[in-house]
1. Looking at Arg41, Arg76, Arg84 in this structure, which one is among the charged types (D, E, K, R), assigned to a helix (DSSP H, G or I) and within 16 Å of the ligand (Cβ to nearest atom)?
2. For the subset of segment 89-107 comprising residues that are in a helix (DSSP H, G or I) and of a type in the set (A, V, I, L, M), which member is farthest from the ligand (Cβ to nearest atom)?
3. Are there any pairs with C-beta distances below 6 angstrom linking a residue in segment 3-25 that is over 30 Å from Arg139 (Cβ atoms) to a residue that is assigned to a loop (DSSP other than H, G, I, E, B) and aromatic (Phe, Trp, Tyr), with the two at least 6 apart or on different chains, and if so which?
4. Name the residues in segment 137-157 that are within 13 Å of the ligand (Cβ to nearest atom) and not hydroxyl-bearing (Ser, Thr, Tyr), would you?
5. Determine, yes or no, whether Ile7 is under 15 Å from the mean Cα position of the chain (by Cα) and under 24 Å from His212 (Cα atoms).
6. Please determine whether any residue of segment 183-202 is crowded, with 19+ Cβ neighbours inside 10 Å, hydrophobic (A, V, I, L, M, F, W, C) and away from the ligand (no atom under 11 Å from the Cβ).
7. What's the total number of residues in segment 97-119 that are without any contact (Cβ under 8 Å) to a residue 24 or more places away in the chain and closer than 23 Å to Asp163 by Cα?
8. For a quick check of your reading of the model, give me the residue pairs whose first member lies in segment 30-53 and is under 14 Å from Cys10 (Cα atoms), whose second is part of a loop (DSSP other than H, G, I, E, B) and hydroxyl-bearing (Ser, Thr, Tyr), with beta-carbon atoms closer than 6 Å and at least 6 apart or on different chains.
Amino acid sequence: MKRPYVIINCAISADGKFSLPNREQIKISSNDDIKRMYELRNSCDGVLVGIGTVLSDNPKLTVKNKYVKNSKNPIRIILDSNFRTPLDSYVLDNSSMTYIITSQKCSKNLGINNEIIKCNKNKDGYIDLKDLLFQLKSRGINKLMVEGGSTVIWNFIKNGFFDDLFVYTAPFVIGGRNTPTMADGSGIEDEKSKILLKIIKIKQLGEGFLIHYRKK
Ligand SMILES: NC(=O)c1ccc[n+]([C@@H]2O[C@H](COP(=O)([O-])OP(=O)(O)OC[C@H]3O[C@@H](n4cnc5c(N)ncnc54)[C@H](OP(=O)(O)O)[C@@H]3O)[C@@H](O)[C@H]2O)c1
């Protein structure tokens, strides 16, 4: 299948958690890891999150000049079947281009920097990632960074639509039975369904460490 090179990037606590138990964002990455994350984002053509992350974190998804000189912003891509992205969210602030991916025809005018793209739905009612990745590739997105959240990362991993996976682990515990992890969703059903990874590199970054995995 013709698709972009997909890099998943995320940060977790020592107990594998991804945010506060109430899903609010928490600083997990060290400053060194934040710099690495911006450099990676700067090298990509697109940066993708789900609507859950837009609603909980209101991320900008741009590249800060403080971390990367002569930065260029990748296209921001939001998986949002029912167009729930608030019109005053940062991803629609026109500071760089944004694609809102919906499963219905939508004729809202979002200004010159933003575009609504219609994709098929899959059997779970989510955006069909095969259709999405094909459409992104046709639009010149060759390198895509997937930043979250839990549901989106799970669906990319489950379907095998990734190449690299970078996980920064910080030396603290968040806890909480219902706290999001980096890959929620249904999970695998049995041992033979384990999604296998290969470790490419492990590196200490600040107080935590970064593992670069690749799909096996
Ligand atoms: N630590 C980190 O590195 C990091 C990074 C990012 C986010 N987070 C955390 O992650 C949490 C948010 O995760 P989340 O699971 O609630 O939201 P999410 O993964 O950002 O978004 C999930 C939503 O995206 C939409 N969607 C459409 N197509 C999809 C597809 N194919 N696969 C998956 N989702 C699809 C669905 O909503 P519709 O059906 O309405 O389209 C779905 O409910 C927050 O707590 C945030 O702070 C942490």
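1. Arg41
2. Here the answer is Leu92.
3. If the second residue must be assigned to a loop (DSSP other than H, G, I, E, B) and aromatic (Phe, Trp, Tyr), the pairs left are Ile12/Phe18; Ser13/Phe172.
4. Met145, Val146, Glu147, Gly148, Gly149, Val152, Ile153, Trp154, Asn155, Phe156, Ile157
5. yes
6. no
7. Of the residues in segment 97-119, 1 are without any contact (Cβ under 8 Å) to a residue 24 or more places away in the chain and closer than 23 Å to Asp163 by Cα.
8. Partner pairs satisfying both residue conditions: Lys35/Tyr67; Tyr38/Tyr67.
Each value in this text was obtained by applying a stated rule to the coordinates, not by laboratory testing. Values in this document were obtained by computation on a predicted structure and should not be read as measured data. Don't worry about glycine lacking a Cβ; one is built from the backbone with ideal geometry, like all the others, and counts go over all protein chains shown.
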